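Q: Got a structure for you, written out below as structure tokens; questions coming shortly.
The values are calculated or read from the model by the stated rules, or taken from the named source; none is laboratory data. Please read these numbers as outputs of a predicted model, since none were measured by experiment. Here the Cβ positions follow ideal geometry from the backbone for every residue, glycine too, while neighbour counts run over all protein chains shown.
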């Protein structure tokens, strides 16, 4: 069965709920596996005093990040601390709901440009735009991050790691050069802006401070990297099984994400073919430029690449190199400076009213990107291995072809393919 999940709940409703179906039995799982990612989504970084119980959001984050203390409750699919193969149900309480319960709320009839206010109302026939706002809010990603954390725990059983880092905010770009992926991810965890480049991080901080004074918002770019993946996940035989398409759709499903590239896609578009494609060579896999492959110590010859401009995917299938996704986030749509709109109740021009929101959410968006990547990659690995329990899958993983030369059995003689 393919892995799938659903989320339910509104931004200021009582709870957010997620159901994850298809996770095999035998995976050790507790809230302690989920809460650290929920904390990172709120801006709590490694080394903060108090861990996930003390919130210190990224600069530019919504004031709500100081109000919520997101922790997950496992309400189904886990017994005696392990998954049982049944749907996994998770809940996260909205502490801010107490302020809304029983309260009469003023009508919302002026749609905000860039939001789902107007499009949601025309699709569903809402009589109040808050019905669009509540479900379209990025608060929903709390449930996605919880699901992603479960998938991250599953991937970790096979040595797969997923991380992210910010590369640009508001035109301020990081200079990462040849910095290894593991170092980028590690430095980002310690950075106030989620950026591995300390100088750029300081400049990003100043840029966000200025935009807050200007009563405006900023977008940016982050990268998600998946390391330790085996070759052969995904498929080229059907459009909807290409892992490149599945990952791109997952990234663009995140609120405010407007663009995604795999590897050096847009730079490659300006180059020639001989400058782009990663040449195939024989060698010890430990000698590759991709640091995540060093865990293999076999002495036999491997099919390896000296570069990874393809971003770890060819033909919609993993190559065994790191998957690199670069995601563009637009500026947050809710601005303190009003934008012009139309009052749907009056038919007159009207300025938008401010709803509590972020000034810049790029550092937190990377965590959500990780969660969605973990889900897609866990699904692809389950698709490859099959099985209903972790104990079935681990031996199958060890038996996968790993780009060893001896893994390829070639006929090496003429064949008649269509008699």
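Q: Do we have any residue at all in segment 161-182 that's in a helix (DSSP H, G or I), farther than 12 Å from residue 226 by Cβ and out of contact with any helix residue (DSSP H, G or I) (no Cβ under 7 Å at 6 or more places or on another chain)?
A: Within segment 161-182, not a single residue is in a helix (DSSP H, G or I), farther than 12 Å from residue 226 by Cβ and out of contact with any helix residue (DSSP H, G or I) (no Cβ under 7 Å at 6 or more places or on another chain).
Q: Let me ask another. Scan segment 233-244 for residues that are assigned to a loop (DSSP other than H, G, I, E, B) and within 19 Å of the chain's Cα centre (by Cα) and jot them down. Give the derivation first.
A: Looking only at segment 233-244, we keep the residues that are assigned to a loop (DSSP other than H, G, I, E, B), and these are 233, 235-238, 242.
Answer for segment 233-244, where residues must be assigned to a loop (DSSP other than H, G, I, E, B) and within 19 Å of the chain's Cα centre (by Cα): 233, 242.
Q: Consider residue 387 carefully, then state whether it is assigned to a loop (DSSP other than H, G, I, E, B), touching a helix residue (DSSP H, G or I) at 6+ places or on another chain (Cβ under 7 Å) and touching a residue at least 60 places away in the same chain (Cβ under 8 Å).
A: Taking the combined requirement at face value, the residue satisfies it.
Q: Take segment 265-289 and flag every residue that is closer than 26 Å to residue 218 by Cβ and either modelled with pLDDT under 95 or touching a helix residue (DSSP H, G or I) at 6+ places or on another chain (Cβ under 8 Å) (or both).
A: Scanning segment 265-289 gives no hits.
Q: Might you let me know whether segment 137-160 holds any residue that is without any contact (Cβ under 8 Å) to a residue 24 or more places away in the chain and within 19 Å of the chain's Cα centre (by Cα)?
A: Yes, some residue in segment 137-160 is without any contact (Cβ under 8 Å) to a residue 24 or more places away in the chain and within 19 Å of the chain's Cα centre (by Cα).
Q: While we're here: Check off (1) within 30 Å of residue 383 (Cα to Cα); (2) touching a helix residue (DSSP H, G or I) at 6+ places or on another chain (Cβ under 7 Å) for residue 241 and give me the number that stays unchecked.
A: With (1) within 30 Å of residue 383 (Cα to Cα); (2) touching a helix residue (DSSP H, G or I) at 6+ places or on another chain (Cβ under 7 Å) applied to residue 241, the lone miss is (2).
Q: Starting from residues that are more than 18 Å from residue 178 (Cβ to Cβ) and exposed (fewer than 14 other Cβ atoms within 10 Å of the Cβ), keep the ones in segment 290-314 and report whichever is modelled with the highest pLDDT.
A: 300
Q: Under 7 Å between Cβ atoms, which residue pairs at least 6 apart in sequence (or on different chains) link something in segment 392-416 that is surrounded by 10 or more Cβ atoms within 10 Å (Cβ to Cβ) with a partner that is in a helix (DSSP H, G or I)?
A: 393/385; 396/385; 397/385; 401/407
Q: Same structure, new question: Could you grab me the full set of residues in segment 210-232 that are over 18 Å from the mean Cα position of the chain (by Cα) and surrounded by fewer than 24 Cβ atoms within 10 Å (Cβ to Cβ)?
A: Passing the criteria: 210, 211, 212, 213, 214, 215, 216, 230, 231, 232.
Q: Now for a different question. Condition first: over 22 Å from residue 220 (Cβ atoms) and either in contact with a helix residue (DSSP H, G or I) (Cβ under 6 Å, 6 or more places away or on another chain) or surrounded by 14 or more Cβ atoms within 10 Å (Cβ to Cβ) (or both). Now tell me which residues in segment 327-341 satisfy that.
A: 338, 341
Q: Quick check: anything in segment 193-204 part of a helix (DSSP H, G or I), surrounded by 24 or more Cβ atoms within 10 Å (Cβ to Cβ) and either touching a strand residue (DSSP E or B) at 6+ places or on another chain (Cβ under 6 Å) or at pLDDT 95 or above (or both)?
A: Yes, some residue in segment 193-204 is part of a helix (DSSP H, G or I), surrounded by 24 or more Cβ atoms within 10 Å (Cβ to Cβ) and either touching a strand residue (DSSP E or B) at 6+ places or on another chain (Cβ under 6 Å) or at pLDDT 95 or above (or both).
Q: Related question: Those residues that are under 17 Å from residue 374 (Cβ atoms) and part of a strand (DSSP E or B), I need them from segment 8-36; list them, please.
A: Matches in segment 8-36: 18, 19, 20, 21, 28.
Q: Additional query: Against the condition over 22 Å from the mean Cα position of the chain (by Cα), surrounded by 16 or more Cβ atoms within 10 Å (Cβ to Cβ) and modelled with pLDDT of 95 or more, how does residue 163 come out, does it pass?
A: Here the answer is no, as residue 163 does not meet what is asked.
Q: A further question on this structure: May I ask you to list the residues in segment 72-104 that are assigned to a loop (DSSP other than H, G, I, E, B), modelled with pLDDT of 95 or more, in contact with a strand residue (DSSP E or B) (Cβ under 7 Å, 6 or more places away or on another chain) and over 17 Å from residue 6 (Cα atoms)?
A: 81, 84
Q: Related question: When you check residue 189 against the structure, is it at pLDDT below 95 and under 19 Å from the mean Cα position of the chain (by Cα), yes or no?
A: yes
Q: Out of (1) touching a residue at least 24 places away in the same chain (Cβ under 8 Å); (2) out of contact with any helix residue (DSSP H, G or I) (no Cβ under 8 Å at 6 or more places or on another chain), what's the single condition that is false for residue 98?
A: Result: residue 98 fails condition (1) only.
Q: Suppose the filter is touching a helix residue (DSSP H, G or I) at 6+ places or on another chain (Cβ under 8 Å), modelled with pLDDT of 95 or more, surrounded by fewer than 18 Cβ atoms within 10 Å (Cβ to Cβ) and within 18 Å of residue 72 (Cβ to Cβ); does residue 28 pass it?
A: The answer is yes for residue 28.
Q: Same structure, new question: Answer yes if at least one residue in segment 345-356 is surrounded by 16 or more Cβ atoms within 10 Å (Cβ to Cβ) and modelled with pLDDT of 95 or more, and no otherwise.
A: There is at least one residue in segment 345-356 that is surrounded by 16 or more Cβ atoms within 10 Å (Cβ to Cβ) and modelled with pLDDT of 95 or more.
Q: So, one more: As an exercise: evaluate residue 23 against (1) crowded, with 17+ Cβ neighbours inside 10 Å; (2) under 22 Å from the mean Cα position of the chain (by Cα); (3) modelled with pLDDT under 95; (4) more than 24 Å from residue 189 (Cβ to Cβ) and give the number of the one condition it does not meet.
A: Looking at each condition in turn, residue 23 falls short on (3).
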